[in-house]
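Student: Take a look at the following structure, please.
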Amino acid sequence: QVQLVESGGGLVQAGGSLRLSCVASGRIVSFNAMAWYRQASGKQRELVAGITSGGDTNYADSVKGRFTISTDNTKNTVYLQMNSLKPEDTAGYYCNVIGRDYTGSSFRSFNSWGQGTQVIVSS
């Protein structure tokens, strides 16, 4: 089973920066896509940024120009660099990874979520 562990969240003042990391572990064979979602209190979870295995990226309009998603496939890690943070960026941030892993006897597709890391931006 593929497990994801996020880190890098915390409390930061408006205008500051944070870098989130998400490390995937397990018998991973390949990645199709990696993404960061966020969920603020009382709101639905929304896509923040995504990246495909081919390197194509997409961003929510609210974070374009401020956030950057990247990967290090040698470390099975996806990052989210967040600059010029705003109070409205305050949320729980969740990593999502889609790919294929090996069970020991067969290959299968997986769609895994991390437990989340909290980001709080003070004004």
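Student: What length, rounded to one decimal in nm, is gained on full extension from residue 123 through to residue 11, with 0.36 nm per residue of separation minus their alpha-carbon distance? Mind dumping the intermediate values first?
Tutor: Numbers: separation 112, 0.36 × 112 = 40.32 nm, distance 1.09 nm.
Contour length minus the Cα-Cα distance gives 39.2 nm.
Student: Still on this structure, I have one more. Can you grab the distance from the C-alpha centre of the stretch 36-80 to the C-alpha centre of the stretch 1-18, Å, no decimals?
Tutor: 12 Å
Student: Where only protein heavy atoms count, and the probe is 1.4 Å, what is the accessible area per residue for the stretch 3-42 in Å²?
Tutor: Details: 2080 Å² over 40 residues.
On a per-residue basis, 52 Å².
Student: Given a 1.4 Å probe and every protein chain left where it sits, what share in percent of the accessible area of the chain is carbon and sulfur? Display every interim value, and only then the final one.
Tutor: Numbers: 2950 of 6660 Å².
Whole-percent figure for carbon plus sulfur exposure: 44.
Student: Can you figure out the FRET efficiency of residue 100 with residue 47, using R₀ = 25 Å and their beta-carbon distance, to the nearest 0.05? Don't jump to the answer; show the numbers that get you there.
Tutor: Working: r = 22 Å, r/R0 = 0.87.
My answer for the efficiency is 0.70.
Student: Oh, and also: Kirkwood Rh, Cα Rg: Rg to Rh for the stretch 13-123?
Tutor: Details: Rg = 14.6 Å, Rh = 14.6 Å.
Across the stretch 13-123, the Cα-based Rg/Rh ratio is 1.01.
Student: With label points built 7 Å along Cα→Cβ from the Cα atoms of residue 39 and residue 58, find their separation and express it in nm.
Tutor: 2.1 nm
Student: What distance in nm separates the two pseudo spin-label positions at residue 73 and residue 109, each 7 Å out from Cα along the beta-carbon direction?
Tutor: About 1.9 nm separates the two model spin labels.
Student: Follow-up question, since we're still on this one. With charges only on Cβ, +1 for K and R and -1 for D and E, what is the dipole size of the chain about its Cα centre, in debye, rounded to 20? Walk me through the numbers on the way to the answer.
Tutor: Details: 11 positive and 8 negative charges, 24 e Å.
Its charge dipole is roughly 120 debye.
Student: Towards the positive end of the charge dipole of the chain, with charges on Cβ (+1 Lys, Arg; -1 Asp, Glu), say which of 2, 119, 97 has the farthest Cα.
Tutor: Of the options given, the answer is 2.
Student: Any lysines with Cα under 24 Å of the residue 64 Cα? List them, leaving off those in the same chain fewer than 8 positions away.
Tutor: Cα-Cα hits under 24 Å: 43, 86.
The values are calculated or read from the model by the stated rules, or taken from the named source; none is laboratory data. It should be emphasised that the depicted structure is a prediction, and the values quoted were computed from it without experimental measurement. Note that each Cβ is placed from the backbone with ideal geometry, even for glycine, and that neighbours are counted across all protein chains shown. The area values use the complete protein model at the heavy-atom level, side chains included, leaving out ligands, DNA and RNA. Shrake-Rupley method; radii C 1.70, N 1.55, O 1.52, S 1.80 Å.
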